[in-house]
1. Residue check: is residue 56 under 16 Å from residue 133 (Cα atoms) and crowded, with 22+ Cβ neighbours inside 10 Å?
2. Hey, does the range 77-98 have a residue that's closer than 23 Å to residue 145 by Cβ, assigned to a helix (DSSP H, G or I) and modelled with pLDDT of 95 or more?
3. Within the range 103-145, can you find the residues that are in a helix (DSSP H, G or I), under 21 Å from the mean Cα position of the chain (by Cα) and surrounded by 15 or more Cβ atoms within 10 Å (Cβ to Cβ)?
4. Within the range 22-42, is there a residue that is more than 17 Å from residue 130 (Cα to Cα), in a helix (DSSP H, G or I) and either outside the structural domain of residue 105 (by TED's automatic domain parsing) or under 19 Å from the mean Cα position of the chain (by Cα) (or both)?
5. Could you identify the single residue in 172, 160, 148, 227 that is under 30 Å from residue 16 (Cβ atoms), surrounded by fewer than 17 Cβ atoms within 10 Å (Cβ to Cβ) and either assigned by TED's automatic domain parsing to the domain that holds residue 57 or touching a helix residue (DSSP H, G or I) at 6+ places or on another chain (Cβ under 8 Å) (or both)?
């Protein structure tokens, strides 16, 4: 369950931006001869529905039903008491409340066209129970995987998405700037970073740390007491208005940080080629294809390094001797 404030800002995510995304989706659906498209959401897999409607769930799960003739409908396993909140924080035609979201979504689609072709973004990530309910609610519906269709739409970020990512990155930068470099425990350092992120409007923030880089470079969740070494690293994963970024910063030894920052700037200047990053121990390009807010798109921890196809709005995590970069 999320712990931060979730609200909608028409200035940051205008109706026109959401309408344009829906229009692009419908054009792709028409090209693939799909009558409807379903996108699943829960508090850990919120990105697809958030991108189309602005809706970010605190908990539970829902299916977004997109057709050609009306605004999307959200079928949610949430109680009716949150209906007004959902309507305030998202752009949907209606919210239907039911514990069996697959059954109700299928019945809605089948009522208009019992033989409808229905695409499902991230079909492999949908639970067996929901798929079975879809088949029960619409026995003649043709269910198809629409992951590639949806990923193609997300491949290039629009201005609203870029602006939200920049805001999330700014929150992470300012939060990490609160971390004292010496004289306190990792617990106190992490608490200061998280407090600042939430004060700045982050709806969620997760902090991982490598308490002593001289011993271990791995970033992990800190539980209990841990002392900060001469050099340590923090990773802030921040969500703002449904947009997530990850930022890593190394603390201690200013000359090392300055050298690393210079090397990073030189490597970034060579994008979209990959030669500039050949000396880095790890490179990861993260973004969103369907439901996961951040997932590996390319890099040393993905199947293949392909930086030539990077598009605006994709965010980076680099791990090496010390740097601070989204």
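The values are calculated or read from the model by the stated rules, or taken from the named source; none is laboratory data. Nothing here was measured: the structure is a model prediction, and the numbers come from that model. All Cβ positions, even for glycine, are placed from backbone atoms using ideal geometry, and neighbour counts span all protein chains on display.
1. Criteria not met by residue 56.
2. So far as the range 77-98 goes, no, none of its residues is closer than 23 Å to residue 145 by Cβ, assigned to a helix (DSSP H, G or I) and modelled with pLDDT of 95 or more.
3. 123
4. Within the range 22-42, one or more residues are more than 17 Å from residue 130 (Cα to Cα), in a helix (DSSP H, G or I) and either outside the structural domain of residue 105 (by TED's automatic domain parsing) or under 19 Å from the mean Cα position of the chain (by Cα) (or both).
5. Values: 172 fails: surrounded by fewer than 17 Cβ atoms within 10 Å (Cβ to Cβ); 160 fails: surrounded by fewer than 17 Cβ atoms within 10 Å (Cβ to Cβ); 227 fails: under 30 Å from residue 16 (Cβ atoms).
Every option except 148 fails the conditions.
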